[in-house]
Amino acid sequence: MDAISVIRTKRDRGELTPEQIDWVIDAYTRGEVAHEQMSSLAMAIFLNGMNRREIARWTAAMIASGERMDFSSLTRPTADKHSTGGVGDKITLPLAPLVAACGAAVPQLSGRGLGHTGGTLDKLEAIPGWRAALSNDEMLDVLRTVGSVICAAGDGLAPADKKLYALRDVTGTVESIPLIASSIMSKKIAEGTGSLVLDVKVGSGAFMKNLDDARELASTMVGLGTDHGVRTVALLTDMATPLGRTAGNALEVRESVEVLAGGGPSDVVDLTLALAREMLDAAGLKDADPAKALADGSAMDHWRRMIAAQGGDPDAALPVAREQHTVTAAATGTLATLDAYAVGLAAWRLGAGRARKEDPVQAGAGIELHAKPGDRVTAGQPLLTLHTDTPEKFAYALEALDGGVEIGPADAAFTARPVVLERIA
Ligand code: URA
C-alpha cells in the first residue's frame, strides 16, 4: 500500500477500498504518510466526496486510531450533545448541568473556537480557576459526583482526527460533509456515550449554509451513530443570526448563568430545553422535566458544583474588556438582518477567537446585541456594543459588520424563523 495510489484513486473519483482507508489513517497517525500527502487526499475527498461505505470505514479507522472510553461503571444513563458550531452558541453551558439535574450523566468533551465560531472551552476558561484538561479518572470522578463534566478530549481519543482536523483547518478542507461527519462521530463514538443529540447548525454563521447540505450531514451522522450502537438524533437549528444576545467568551458565560437562573433570551432557553428533552428521551428518561429543573434552581445547583469540581469559582466576577464601542441604529424601522457570520467575524476580530490553535483569546472580548431581527428600532438607539482589550481592533471589527446589519421599513412584514427547523432520527 502506498499514499500515492490512495490519492490517485480518490483524485480519479474511485471508491477507496476498506484496506486503503485503514492503511492511510493508520499510516498518517504514525507519521508514515506525510502531511502534504494527506492534505492532497483531503482535497480529493473534499472535491469528489465519499459514499456511505467509505465514510463508515473512515470513521471506524479514526476510532481505531486511539483509545475508547468506558462509562459502564456509571449508574446513570449517558447522554451527550454535539453542535456543529455557530455564533453565540453557548448552549452546552446551561444544557450539561440541566440534563444532569434531570438524572442523566453528561460527558461533554468539547473543543476550542477556531475562525468565527466560538468554542465551549474558551468560554468556560473565562471563569477564574476553571480547568479544561482533566485526566480520564478525574473526568469519571466529576461525572460520578456531579453528573456532568465539560472538558477537553484527551490526546488518546481519535488521534487521527486531531491531526487531520488541524491539517484541514489550514488547507481549506473543513467544509466537507464526509470529513465533518467522520470527524465528529469518531470522537463521539470513541468517547463511549450511550446516546447523542446532534445540533446541526444551518445558515450564514454555520459550516452548512443551506438546509439540503445540513440534512445530508445530519443523516450521515445519525447513520454512523446508529451503526455503532449509539442512539443518535439530530436537530437542524437556525444559525442565520446569532443565538441569544451575546457572542464572546465571558459575555456568553454571563448569559448562560442568566438562563440557569430562570431568565435569559427566549431563543437560548427554547433551544436548551429542546435539546435537553431530546437527550433525556434518548437516555430513556422520558418523565424528566427540564423546564422544572431550570425553574426550581436544581440546574443552577449542578452548574455551581460542576464549575467548582473543575477548580472554578462560580461566584467570581467575570472578566470585562477594557474598552467598549456602541453601534447605534442608522434609521428608525424594523431590524431586518443581523447576520451571524458578520457578528462572529467581528467578535473574532475583537479578540474573542483565535487565528491559530496556539493563539490566546481575550476573555472579555465580544459583542452584545441590544436588538434581534424583527425588533422595532429607533434611529440613534444602541444596536450593538463591541468589547475588546485592544481598541485598535474596533475599525477592523466594524468593517466585518458592514452589510450584516440591515434596518427595513417599520411596517415591513417580518416572519421569525423558528430556532429548531427539523428533526432527523
Ligand atoms: N467539528 C469537528 O469536530 N470536526 C469537524 O470537521 C467540524 C466541526
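The values are calculated or read from the model by the stated rules, or taken from the named source; none is laboratory data. Values in this document were obtained by computation on a predicted structure and should not be read as measured data. All Cβ positions, even for glycine, are placed from backbone atoms using ideal geometry, and neighbour counts span all protein chains on display.
With respect to the conditions (1) free of Cβ contacts under 8 Å to residues at least 60 places away in the same chain; (2) not assigned by TED's automatic domain parsing to the domain that holds residue 262, residue 42 falls short on a single one, namely (1).
Summed over segment 160-198, residues that are within 12 Å of the ligand (Cβ to nearest atom) and among the β-branched types (Val, Ile, Thr) total 5.
Residue count for segment 272-281 satisfying the condition of being touching a strand residue (DSSP E or B) at 6+ places or on another chain (Cβ under 6 Å) and surrounded by 24 or more Cβ atoms within 10 Å (Cβ to Cβ): 3. Checking 66, 31, 14, 88 one by one, the residue that is outside the structural domain of residue 192 (by TED's automatic domain parsing), modelled with pLDDT of 95 or more and under 30 Å from residue 306 (Cα atoms) is 66 and no other. Does residue 44 meet the test of being away from the ligand (no atom under 16 Å from the Cβ), surrounded by 18 or more Cβ atoms within 10 Å (Cβ to Cβ) and within 30 Å of residue 286 (Cα to Cα)? No: the conditions fail for residue 44.
A Cβ distance below 9 Å, combined with a sequence gap of six or more or placement on separate chains, defines the contacts here; from segment 179-206, residues that are closer than 19 Å to residue 155 by Cβ reach residues that are part of a loop (DSSP other than H, G, I, E, B) and among the hydroxyl-bearing types (Ser, Thr, Tyr) in the pairs 184/84; 186/65; 190/65; 192/72. Among residues of segment 269-292 that are closer than 16 Å to residue 234 by Cβ, those with a Cβ under 7 angstrom from a residue that is acidic (Asp, Glu) and crowded, with 21+ Cβ neighbours inside 10 Å, sequence gap 6+ or separate chain, pair up as 275/199.
Residue count for segment 232-270, restricted to those that are in a helix (DSSP H, G or I) and in contact with a strand residue (DSSP E or B) (Cβ under 6 Å, 6 or more places away or on another chain): 3.
Scanning segment 170-191 for residues that are in contact with a Lys or Arg (Cβ under 8 Å, 6 or more places away or on another chain) and modelled with pLDDT under 90 gives a single hit, 174.
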